[in-house]
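Engineer: Sharing a structure here in structure tokens format.
The values are calculated or read from the model by the stated rules, or taken from the named source; none is laboratory data. Small disclaimer: the values here were computed from a predicted structure and weren't measured. We place every Cβ from the backbone using ideal geometry, glycine too, and count neighbours over all the protein chains shown. Quick note on the areas: whole protein, heavy atoms, side chains included, nothing else; ligands and nucleic acids left out. Shrake-Rupley method; radii C 1.70, N 1.55, O 1.52, S 1.80 Å.
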Amino acid sequence: MRVFLILVALLWVTPTIGLLASSFRDPTDIAASGWWDVFSKPSQLTTESYSTLLGKEEITDSLLNTVYITVPATVLVVVIGAMAGYAFAWMDFKGRDWWFVAVVALLVVPIQIALIPLADLFGDLGIFGSVIGVVLFHVGFGLPFAIFLLRNFFAEIPRELLEAARLDGAGEVRLFATVIMPLGAPAIASLGIFQFLWVWNDMLVALIFSDSGSRPLTVALTEQTRQFSGNIETLAPGAFISMVIPLAVFFAFQRQFVSGVMAGAVK
């Protein structure tokens, strides 16, 4: 079983290694042989492709735009989703169950349905083509899943623990900040990783709702494809840059991610 799992892991990581090797090769070497040739001829490795790509202002600007879009969209979804999840789990208000059913129903609404209506709305508000418009779109479609996930996680917290905190004088805000959030850290970390990866890798929403000044890296790389056709020496470093940051985020929080995924699997 261990050998089988190692083989599966190698199979999954091989395209990433190939992309990394290709991003450090000269165009003539890429055309002459496969990427695995670098292991026998390490002299082929060069940073010229990265220097050329990062020397383009549109690429560096798009990388910053990706950060400006992804970070607020992730933070807002996590914060608002956590507060709403706590409210649905432990606060009594009129129509709570029906409101939660409505939130769950929004999970099945496809993004494509909202593209034209929201484009018209954002145009009327003057935010179409801006970073704010892209962020709001991702927040709106990320919240139903966030609320659903965190509400179910928070509902598993023992009631006695919350009642003990209230007896000690903790209000709802303090209870949420000092009890719910620390206990819900695994689920919150899992949600943050999911949302970060989703927004960082998105191209459909960014392609429609961003303009030349707010386009993220995915759209910029698509335009590089149109400009340079199948020029792998330009696209390989761009694709690897786009991939390495989400990988770093995932590996940095993998322990919390596994804990969040496994939460509730065993009692």
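Engineer: For n ≥ 4 DSSP H runs only, could you compute -39500 (n - 2.57) per run for the chain, divide by its residues and tell me the 222 nm figure to the nearest 500? Present the calculation step by step, with values, prior to reporting the outcome.
Structural biologist: On the way: 14 runs with 195 residues, N = 267.
Rounded to the nearest 500, the figure is -23500 deg cm²/dmol.
Engineer: Using the crude model of +1 on Lys and Arg Cβ and -1 on Asp and Glu Cβ, and no other charge, please compute the dipole size for the chain relative to its Cα centre, in debye to 20. Provide the component values of the computation, followed by the final result.
Structural biologist: Working: 14 positive and 20 negative charges, 156 e Å.
About 760 debye.
Engineer: How much net charge surrounds TRP90 when only the other residues with a Cβ under 15 Å from the Cβ of TRP90 are counted, with Lys and Arg +1 and Asp and Glu -1?
Structural biologist: Working: positive: ARG96, ARG151, ARG159, ARG166, ARG174; negative: ASP92, ASP97, GLU156, GLU160, GLU163, GLU172.
Net of charged neighbours comes to -1.
Engineer: Any idea what the dipole of the range 128-244 comes to, in debye rounded to 20, about its Cα centre with Lys/Arg Cβ at +1 and Asp/Glu Cβ at -1? Show your work: numbers first, answer last.
Structural biologist: On the way: 6 positive and 9 negative charges, 18 e Å.
The calculation lands at about 80 debye.
Engineer: At R0 = 51 Å, how high is the FRET efficiency between LEU5 and TYR68 if r is their beta carbon distance? Nearest 0.05 is fine. Provide the component values of the computation, followed by the final result.
Structural biologist: Numbers: r = 39 Å, r/R0 = 0.76.
Using R0 = 51 Å, I get an efficiency of 0.85.
Engineer: Follow-up question, since we're still on this one. Treat each spin label as a single point 7 Å out from the Cα along the C-beta direction, and report the THR222 to GLU156 distance in nm.
Structural biologist: 3.8 nm
Engineer: Rounded to the nearest Å, what's the spacing between the alpha carbon centres of the range 3-31 and the range 71-149? Just the number, please.
Structural biologist: 38 Å
Engineer: Quick one: what Rg and Dmax do you get for the range 41-101 from the alpha carbons, in Å?
Structural biologist: 22.8, 70
Engineer: So with the 1.4 Å probe, I'd like the accessible area per residue for the chain, rounded to whole Å². Walk me through the intermediate numbers first.
Structural biologist: On the way: 15320 Å² over 267 residues.
Here the residues of the chain average 57 Å² of exposed surface.
Engineer: Something else now. Would you mind getting the Kirkwood hydrodynamic radius of the range 150-240 from its Cα pairs, rounded to one decimal in Å? Display every interim value, and only then the final one.
Structural biologist: Values: mean 1/r = 0.0592 Å⁻¹.
Averaging 1/r across every pair of different Cα atoms and inverting gives 16.9 Å.
Engineer: With r defined as the distance between the Cβ atoms of ILE111 and ILE17 and R0 fixed at 30 Å, what FRET efficiency is calculated, to the nearest 0.05?
Structural biologist: Result of the calculation: an efficiency of 0.40.
Engineer: Compute the length gained on full extension between ALA248 and TRP98: take 0.36 nm times their separation in residues and subtract their Cα-Cα distance, giving the result in nm to one decimal.
Structural biologist: Numbers: separation 150, 0.36 × 150 = 54.00 nm, distance 3.95 nm.
Gain on stretching ALA248 to TRP98: 50.1 nm.
Engineer: Just name one of LEU106, ALA73, GLY85: the one whose Cα is farthest towards the positive end of the charge dipole of the range 54-141 (beta-carbon charges, Lys/Arg +1, Asp/Glu -1).
Structural biologist: GLY85
Engineer: A follow-up question, please. What percent does the relative contact order of the chain come to when contacts are Cα pairs within less than 8 Å and at least six residues apart? All intermediate terms of the calculation are to be shown ahead of the outcome.
Structural biologist: Working: 268 pairs, mean separation 81.5, N = 267.
So the answer I get is 31 percent.
Engineer: In µm²/s, what is D for the range 86-151 at 4 °C and 1.567 mPa s, where D = kT/(6 pi eta Rh) by Stokes-Einstein and Rh is the Kirkwood radius from Cα pairs?
Structural biologist: Numbers: Rh = 13.4 Å.
The calculation lands on 97 µm²/s.
Engineer: A further question follows. With a 1.4 Å probe and all protein chains left in place, how much of the accessible area of the chain comes from carbon and sulfur atoms, in whole percent?
Structural biologist: Details: 10630 of 15320 Å².
With neighbouring chains kept in place, the figure for the chain is 69 percent.
Engineer: Between (1) 28; (2) 42; (3) 21, which entry matches percent of Cα pairs over 31 Å apart as derived from the coordinates of this structure?
Structural biologist: Only one option fits the structure, namely (2).
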